[in-house]
Structures are given as C-alpha cells and as structure tokens.
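**Q** I have a structure I would like to understand better, so I am pasting it below and will then ask my questions one at a time.
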Amino acid sequence: MSDHDEPEGFDGEVTVEVAGEPPRSATAALAARFDPLAGHVVWSGRLAAELPLRSSLVVTTPHGSAEAETVERDAWGNTRVTGRGRPPFPVELLDGDGEGVPR
C-alpha cells in the first residue's frame, strides 16, 4: 500500500454558499482520495446542514474554497456533497513536498 491509500480530509467549521441563499456556517467532515479509475483526486463529505438536493454550492474552509454538489440527505439531516475540482483543504498528493508529487 502506498502512503496515499488513506483519505485525507478536513473536519471543522465551513461556510456554505448556495445560489439565492445567504451564506451560512456548518460543521463539515470532508475527505479526498486518489481515484485510479478517474485518474485524479476526488473529494466528498457531509455537511451538518439541510440543503436543497442537486444544488451547486461553494464550500469554504480556512484553506480555500471549492465548488460541490449536494447529492443526498442522511437520517440525521446532514447533506452529503461531492466536490468538483480541487478540494478546499490541503491534500498531500496535490500539495506534496515537490519530490515527484504533482502540484
């Protein structure tokens, strides 16, 4: 197994912006991993907020912002999201130490 088999992530407060709604804070549990079938890093997670499903949103952490889509709601009212593009938190595979790791 390589060092990149375990997902990397972010747990904490984020700002969520859905078009047409004021920004709001939520607690998030987000993770990123390399998907060998897609050939790139993918990220997803859970937001402790009830958001409209199949909506585009922007998730902002202290490290940055990224677009995502809401995909489903769990039994506790959390909303699952899947990311688009680079995650809004550091990922070693993307931000590595420069020794053969893509930036």
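Throughout, read-outs are computed from the coordinates displayed, never taken from laboratory work. All values reported here derive from a predicted model rather than from experimental measurement. A quick note on method: Cβ atoms are made from the backbone with ideal geometry, for glycine too, and the neighbour counts reach across all protein chains shown.
**Q** Expressed as a rounded percentage, what relative contact order does the chain have, with Cα pairs under 8 Å and six or more residues apart?
**A** Relative CO of the chain lands at 23 percent.
**Q** Please list the non-local residues whose amide H lies under 5 Å from the amide H of Arg73, H modeled 1.01 Å from N, same-chain partners needing a gap of 5 or more.
**A** Arg80
**Q** List, in order, the whole-Hz ³J(HN,Hα) value for each residue of segment 66-72 obtained from phi through the Karplus relation with A = 6.51, B = -1.76, C = 1.60 and θ = phi - 60°; use x for Gly and Pro.
**A** Ordered by residue, 3J(HN,Hα) equals 7, 7, 8, 10, 7, 10, 6 Hz.
**Q** Please compute the net charge surrounding Val42, taking Lys and Arg as +1 and Asp and Glu as -1 over other residues with Cβ under 11 Å from its Cβ.
**A** Once all neighbours under 11 Å are counted, the net charge is +2.
**Q** Working out 0.36 nm times the residue gap between Thr60 and Ala75, then minus their Cα-Cα distance, what length gain in nm do you get to one decimal?
**A** 2.9 nm
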